[in-house]
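Taking it in order: structure first as structure tokens, then the write-up.
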């Protein structure tokens, strides 16, 4: 089961959500533009809505700042903790930030400088001076117009006073008329204290203008109640300047004078005043303007910077996400989990990488499976081979033939137990030794010949008997064959050594038995007539002949014939050794009987019988064993007596017969030990060979017969002892 | 560390939200000289008088092209224990102040009345503001054994200039003098009818 990890969202719902989000963002941007336009155009910055929107924007900006800072801090922490992919993300975010920050800062600086320069230019001293001077011109014109009216009004009041004309009198009208003409006024009137027109010298246009101006006068303005009040008024075609002079604070009425200034004067003056107002208004807004521009520039710069940072972080995350996923997958693969797979619905280079990764993982998984199965099979084969090797080793270690394997340099590679026993060496000392070094003398030269033979004929076989041992007492049948390799080359040799010593001995014994039988058969018959004839001649002619030679010769003939008959008898016994008939019987009584017999017959020898423990019954041929022990005891007695005669030393001769049960070996061990001269190494090795005897005139068949009988009992007999330490004949008889 | 950063940002946001661009420390205030309620007349009339503490400063502002409006709201409210006071009557007064560079006079305009002009601002405003009568409404609004409060709120702020840049300039402080209020509470007990 594979674990699928999505690199990019494949779910249509996710894509739908994304599209929805983008649409929402786009709509929000449009709404922001529209709302901003409406608020700035129609509602103004003084409104609560504007204030709320500003705060919302500030909140959003803070939110973006928070998100950016949070992501930035998180990135820093990841980088510090050496989280995989953090360095790449940091680099991308920094690149985006630098790329956005540099032009943004430049734009801000340039923009701020431009704004500053522009504002300084707009509000430079020359402009202000020009505007103020224009205003001063207007003021001078106004002052001039008003001062003329003021002068006329003062003169009129003086004139009225001098003339003693009370306000409202008829003479006032004339004076007003005179004043109007003399001063070139367009309007001269007397107003009642109720500010109604009483006398007027005016043109219709001026009158109409006065009607408009009258409501604009600050009749109740604070300050000097007798002060002149003046204003400018636009008429139908021309502009007028009016001045009102309160008489006694207005309690006696007012004098109103007016003069036309010409068409459009007021408009121009108004424009000058308005221009100055606007300039001053602008000048008062210089700092707010600058702050506003700086704010806008800073806002844009922050939006660009934060947006770029946010975009950089997001892009970095999007770029590193698949890389991280792939890295995570690679780690899992390195840990051995090959079940991971990636799925990417995109078509970009990452998708190519993802697909390649999946292919690689699949291949690895298949290879591992194959490797696992191959390993399992190999393990099985190894187990089988180990079992086979164990079997072979067991077989090799259990067989009686010695098996050696030689390498290309004819050095021993392997050796089984039998080989070690045959060669008399430990396995560790055999391994690595050259084959020819394992043998000596004639055997070594034969081995060298064998090796040369195989060098020339690697595919052949070689078989030969080799003597082993110091006295060549053992015979080994060595068979050598070449081992072929899988390519058919023969570079190694297998040496099989079979100990045929006993076999040859048996063969020789059988041969000697046959010879003994034939000799006994051929010689035996003529011996009796020879002896009888010699005895007959003794009887017939012994008494007649006085020559002692005749008697000696005939006696000699008889003696030698008897000796020959004895030899023939022994030959016949050797040749006709009967088959043993094994029956359960006890050995102890037999030994006791024999010891008693020899104590009686050879009383000068101390005969000892030691039975260590109860000897159980075992399969034995009592008669054969009696004959065997008889030979052993007879040999021992003859050796002791011969030694005494030879040395002439009186000594305490003794023969000890001991028997014990060895339960662990399941045998009865019997020893016949004398304190005679002992055996040399040659004598010990050849003691049981036929016709080997150290007795003069001995047939050498006694121990041979003993060995034959013991062998028939499936036992083992050997001769022990060193020169001067006596002879021990050791016999092992199996219990079953 | 993230928690600390988050908290700092939240606090900063709150402070930013709570920040209201307020008028620069104004060197002048509105002072109330008179506040009386004439309950004998019908309708109820409030006699009000107030002024400023620094006329020259305002005069300089007006000479430099500023246009200001003195807004005054007079309200009669009935006190309630467990709810906000009920506004029974309210009148809003507005006095537009400006300077005519041509005539070099200060102007105070109010409603449909012709503007009052004077070369000095202080006497002009004093003339205009020291004696104000506001008719609130019929005396029948008052109910016996109820508590009422006459509240007056006055403030001075810039008027949109000739260029109407209010929609374009962000950091212009429109408030010259923040709203200042005065209140007068009373319990209404009708006079016994004349014998």
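Summary of computed values
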read-out: One residue from A:349, A:384 being surrounded by fewer than 16 Cβ atoms within 10 Å (Cβ to Cβ) and within 23 Å of residue A:88 (Cβ to Cβ); value: A:349
read-out: Top-ranked residue of the range A:245-263 - restricted to ones that are without any contact (Cβ under 8 Å) to a residue 60 or more places away in the chain and part of a strand (DSSP E or B), ranked as farthest from residue A:168 (Cα to Cα); value: A:262
read-out: Single match in A:307, A:258, A:312, A:275 (criterion: surrounded by fewer than 21 Cβ atoms within 10 Å (Cβ to Cβ) and away from chain B (no Cβ under 14 Å)); value: A:307
read-out: Failed item, numbered, when residue A:665 is tested on (1) surrounded by 15 or more Cβ atoms within 10 Å (Cβ to Cβ); (2) part of a loop (DSSP other than H, G, I, E, B); (3) out of contact with any helix residue (DSSP H, G or I) (no Cβ under 7 Å at 6 or more places or on another chain); (4) touching a residue at least 60 places away in the same chain (Cβ under 8 Å); value: (1)
read-out: Condition met for residue B:87 (buried (at least 18 other Cβ atoms within 10 Å of the Cβ) and free of Cβ contacts under 8 Å to residues at least 24 places away in the same chain); value: no
read-out: Of all residues in the range A:66-98 being within 14 Å of another protein chain (Cβ to nearest Cβ) and exposed (fewer than 14 other Cβ atoms within 10 Å of the Cβ), the one that is farthest from residue A:304 (Cα to Cα); value: A:81
read-out: Residue check for residue A:332: more than 22 Å from residue A:97 (Cβ to Cβ), at pLDDT 80 or above, touching a strand residue (DSSP E or B) at 6+ places or on another chain (Cβ under 6 Å) and not in a helix (DSSP H, G or I); value: no
read-out: Which listed residue, of A:694, A:651, A:686, A:665, is under 60 Å from the mean Cα position of the chain (by Cα), over 20 Å from residue A:573 (Cβ atoms) and either at pLDDT below 90 or not assigned by TED's automatic domain parsing to the domain that holds residue A:625 (or both); value: A:665
read-out: Count of residues meeting criterion [surrounded by 20 or more Cβ atoms within 10 Å (Cβ to Cβ) and under 22 Å from residue B:96 (Cα atoms)] in the range B:26-60; value: 6
read-out: Residues that are within 10 Å of chain A (Cβ to nearest Cβ) and within 17 Å of the chain's Cα centre (by Cα), drawn from the range B:84-126; value: B:108, B:125, B:126
read-out: Candidate set: the range A:288-304, residues that are more than 9 Å from chain B (Cβ to nearest Cβ) and crowded, with 19+ Cβ neighbours inside 10 Å; chosen: the one farthest from the chain's Cα centre (by Cα); value: A:293
read-out: Those residues of the range A:638-661 which are free of Cβ contacts under 8 Å to residues at least 40 places away in the same chain and in contact with a strand residue (DSSP E or B) (Cβ under 7 Å, 6 or more places away or on another chain), in sequence order; value: A:640
read-out: Residue count for the range A:385-403, restricted to those that are without any contact (Cβ under 8 Å) to a residue 40 or more places away in the chain, under 19 Å from residue A:482 (Cα atoms) and not in a helix (DSSP H, G or I); value: 0
read-out: Within the range A:210-227, considering residues that are in contact with a strand residue (DSSP E or B) (Cβ under 7 Å, 6 or more places away or on another chain) and at pLDDT 85 or above, the one farthest from the other protein chains (Cβ to nearest Cβ); value: A:210
read-out: Criterion: closer than 30 Å to residue A:402 by Cβ and either surrounded by fewer than 12 Cβ atoms within 10 Å (Cβ to Cβ) or at pLDDT 75 or above (or both) - qualifying residue of A:511, A:543; value: A:511
read-out: Unique match (being over 28 Å from residue A:579 (Cα atoms) and not in a helix (DSSP H, G or I)) among A:650, A:689, A:645; value: A:650
read-out: Failed condition for residue A:481, given (1) within 30 Å of residue A:717 (Cβ to Cβ); (2) out of contact with any helix residue (DSSP H, G or I) (no Cβ under 7 Å at 6 or more places or on another chain); (3) touching a residue at least 12 places away in the same chain (Cβ under 8 Å); value: (1)
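So that you can scan it fast, the table gives a plain yes or no per residue for (1) without any contact (Cβ under 8 Å) to a residue 60 or more places away in the chain; (2) closer than 25 Å to residue A:144 by Cβ:
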residue: A:178; (1), (2): yes, yes
residue: A:187; (1), (2): no, yes
residue: A:198; (1), (2): yes, no
residue: A:214; (1), (2): yes, yes
residue: A:221; (1), (2): yes, yes
residue: A:234; (1), (2): yes, yes
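The values are calculated or read from the model by the stated rules, or taken from the named source; none is laboratory data. Computed from a prediction, not measured in an experiment: that's the story for all the values here. Cβ coordinates were reconstructed from backbone atoms using ideal geometry, including for glycine residues, and neighbour counts include every protein chain displayed.
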